[in-house]
Amino acid sequence: MKLSFVCPREKGVFETAAFTVRDNRGVVTDAAGNKTLDAKVALDTPCPLCGERHEYRVDELSCPFGESD
């Protein structure tokens, strides 16, 4: 599965399947009932735009899936 990422240095968008989910604390529900994944995603390879290895909070990623009930 590929995810879309934004390079924080170059501000460009790229896709890759070379990532690892880290610090996964599972799904959390806020006071309004919204569910989110409390985790981080780290690139396994250097960013193709700047060459650095980035780590993102899951809420920083563009979601390729629509909302479901």
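The values are calculated or read from the model by the stated rules, or taken from the named source; none is laboratory data. These numbers come from a predicted model, not from an experiment. Please note: Cβ atoms are built from the backbone with ideal geometry, for glycine as well, and neighbour counts cover all protein chains shown. Protein only, heavy atoms only, side chains kept; ligands, DNA and RNA dropped before computing areas. Shrake-Rupley method; radii C 1.70, N 1.55, O 1.52, S 1.80 Å.
Looking only at the range 1-27, residues that are in contact (Cβ under 8 Å) with a residue 60 or more places away in the chain and within 15 Å of Leu49 (Cα to Cα) come to 1 in all. Inspect all residues belonging to the range 59-68 and state whether any of them is of a type outside the set (A, V, I, L, M, F, W, C) and modelled with pLDDT of 95 or more. The answer is no, given that none of the residues of the range 59-68 is of a type outside the set (A, V, I, L, M, F, W, C) and modelled with pLDDT of 95 or more.
Per-residue answers, yes or no, for (1) open to solvent by 70 Å² or more (accessible area, probe 1.4 Å); (2) small (Gly, Ala, Ser):
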{"residue": "Lys2", "(1), (2)": "yes, no"}
{"residue": "Ala18", "(1), (2)": "no, yes"}
{"residue": "Thr29", "(1), (2)": "yes, no"}
{"residue": "Asn34", "(1), (2)": "yes, no"}
{"residue": "Ala42", "(1), (2)": "no, yes"}
{"residue": "Thr45", "(1), (2)": "no, no"}
{"residue": "Pro48", "(1), (2)": "yes, no"}
{"residue": "Gly51", "(1), (2)": "no, yes"}
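A Cβ distance below 6 Å, combined with a sequence gap of six or more or placement on separate chains, defines the contacts here; from the range 48-69, residues that are farther than 17 Å from Asn24 by Cβ reach no residue that is open to solvent by 100 Å² or more (accessible area, probe 1.4 Å) and modelled with pLDDT under 95.
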